[in-house]
Every structure is written in structure tokens, then in C-alpha cells.
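Heads up, the thing below is written out as C-alpha cells.
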């Protein structure tokens, strides 16, 4: 399959970004080292170019009805300027994708989806758009910069008259940013380190990127690649589509009951409600290694007797904890925090312990 290109690809190459194929795009995986970039975000401020993400607008009198029928969360509760984490359940108990719904105003919504699922998700919305909501795929027109870390707000405040301190978590404002009109400034992110995500038209992308780096020069702002993005999200226990959730994982198994609202009907809601009432047989849990070792995707999880009890979905070495951490689906009997489990690393059983999320908190 031919790779797609984000608008600032050549800029990332000039910055020394190592470019790799990811979700159908050529993307910077790192500029210096994953650990250095990870710590930059945890302690200072870093910028991810995540312009590969997909964006759809859904408008008109039938917009909310469509969103309500295909997403698991209750979008009717959104107020103007609020965002909501949600997912698209499929018809067989799994998840088409996880996404964020932004309510600009009544009858005007922005949907942000994963890059690898843009076409799949678009087709899913089209399939259920039986009442004629106005849909537009603007993925190729929008660039998205995630400016993350404890120093992010101070840096970004220099570039806008919008008072960033008034934008609560999972809320957003639309205003002038770095001299560019109609920029979405969203208090969301995938790192747990604080900060904002900046949605800007492709034509103004380079100007905006350069302005952010000029504003952050005194704070030693750095570009951050996908490698650190993965270790940061894993320390928080945030799901990655294709690893921790997919077409065969129920949102209830994945610990996403909090975004699965049975106050309305949505795709496969009756079956999911029955599953909730019966109780799931496995759960997605976070764990920390006790023995030295790094858990990896698809490694088998076992009990002390060596019986298979689950499987690792994501794993890495945590730069904050300096130990192996992971997420995995596991039998209910072993899902409580503190439970002792074993990761099968090439036939050797390494001890680990189930830990409540986020994994970097005691």
C-alpha cells in the first residue's frame, strides 16, 4: 500500500526525525532517544505532530441522532466547547474504533478518529447515516499538534488571547492562535502529562509549528516522536487501537464501561447490556514486572502453576519507573490489583503484579 504523507514531513526530516511507516503514513518515530523525549514531556514540554489522525465534521438537525446511534457514550450530555471520549461498538461485541466527539454548538460536531481507521470509520458512519446528517471528511485539510507536558500551557499562552486556564480537561476553545484564525485549542492528550492539542488548517501548519517552537525556546521545547508517545500512553494505561482494543474486544472487557452508557440505544447495546449484567470473563489490566524483563505484545500470561490465564496486549520499559510494564487481558480471578501473574518470555516465567491505572502512580 502506498504511504500517505503528513504536510510537515520534510520539516521532520530536517529536524533529524527517523521516519517510519505507521498507520499508512510516514511518521517520525524519534528525533533523539525515546527515553530523552519521554522525560521531556513528563518534566517540560514537547510537541507531537499527529496530523495523521482523522477528522470528520457531522452537522445538521440529524447530527446528534447519528452520533448517538453509533457511539457508546452519551453525546446528548455535551455542552458547547466540550469533548467526549467514546467508541464505535460493532455488531458482534467488539470495537470499530475509539474516538473523540467535539461539540462546537448544536448541530455541529467534530469527530476525531485513529489514522489507521479513517476509511473504516467513515464507512461506518455512512452506513448508519440513514437520516441525512451532513458529513464531511476533512482529514487531509487539518494538522494536529499535541503540545504536552507541565510547561505546555505557559508556552502556548504566549500565542493566544484565549485564557487557557479556563479550558477544563476535555473541553476546548476556538480562537486566534499564533496569528491564525479558527484554531481549536483542546485540553486533551494521550500522555497524562497535561497540555493541549492544536487543530489548525494545513495551510497554516508550518507557521503554527514554528511559532510554538519560538514560544517554547526558553523552556527547551523539543519535537517528540511516536516511540515516546507509546511509552507515555502506556504508563497511563491508555488503550491503543489495534493492540489493547480491536474488533474482537468488548468495551466492557477493556475497562471502558465508563464510556458505555445504556441510557440510550446504540449499535449492539442490547448485547453489551446483557454482557454487563452477566459479567465479563476477562478484563484488561495493567501490570508491573517484579522480575527483570520487558513484556511484549502477544506474550502469554500464566498463573504460578503455568496455566495460561491471558495475553499481553502492550508492553514496554517504563522510563519513569525503570521497570517493565504492560497491559493485557486476563481471567477475572487474577484481575484484582496486587494479583501475582507470570509473563512467559520465551519459555521463562517472569513474575509480575497487577497494578491499578495509571501504572506510574502508587
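Could you check, for the stretch 62-72, whether at least one of its residues is more than 22 Å from residue 120 (Cα to Cα) and surrounded by 17 or more Cβ atoms within 10 Å (Cβ to Cβ)?
For the stretch 62-72, residues more than 22 Å from residue 120 (Cα to Cα) and surrounded by 17 or more Cβ atoms within 10 Å (Cβ to Cβ): absent.
Please note which strands (runs of 3 or more DSSP E) are completely contained in the stretch 9-80 and include at least 1 residues that are free of Cβ contacts under 8 Å to residues at least 60 places away in the same chain.
18-22, 25-30
Residues 110, 99, 88: which one is in a strand (DSSP E or B), within 17 Å of the chain's Cα centre (by Cα), more than 27 Å from residue 149 (Cβ to Cβ) and not assigned by TED's automatic domain parsing to the domain that holds residue 172?
The match here is 88.
Scan the stretch 42-85 residue by residue and report those that are within 18 Å of the chain's Cα centre (by Cα) and within 18 Å of residue 133 (Cα to Cα).
Matches in the stretch 42-85: 55, 56, 71.
Can you tell me which residue in the stretch 41-50 is nearest to residue 218 (Cα to Cα), limited to those that are touching a helix residue (DSSP H, G or I) at 6+ places or on another chain (Cβ under 9 Å) and surrounded by fewer than 24 Cβ atoms within 10 Å (Cβ to Cβ)?
The residue in question is 44.
Are any of the residues in the stretch 243-265 touching a strand residue (DSSP E or B) at 6+ places or on another chain (Cβ under 8 Å), touching a residue at least 12 places away in the same chain (Cβ under 8 Å), assigned to a helix (DSSP H, G or I) and surrounded by 18 or more Cβ atoms within 10 Å (Cβ to Cβ)?
no
In the set 65, 49, 34, which member is out of contact with any strand residue (DSSP E or B) (no Cβ under 8 Å at 6 or more places or on another chain) and not assigned by TED's automatic domain parsing to the domain that holds residue 108?
Matching residue, one of 65, 49, 34: 34.
Restricting attention to the stretch 181-205, which residues are surrounded by 15 or more Cβ atoms within 10 Å (Cβ to Cβ) and out of contact with any strand residue (DSSP E or B) (no Cβ under 6 Å at 6 or more places or on another chain)?
Across the stretch 181-205, the qualifying residues are 190, 192, 194, 201.
The values are calculated or read from the model by the stated rules, or taken from the named source; none is laboratory data. Not measured: the values here are computed from a predicted model. Glycine gets a Cβ as well: all are built from the backbone with ideal geometry, and neighbour counts include every protein chain shown.
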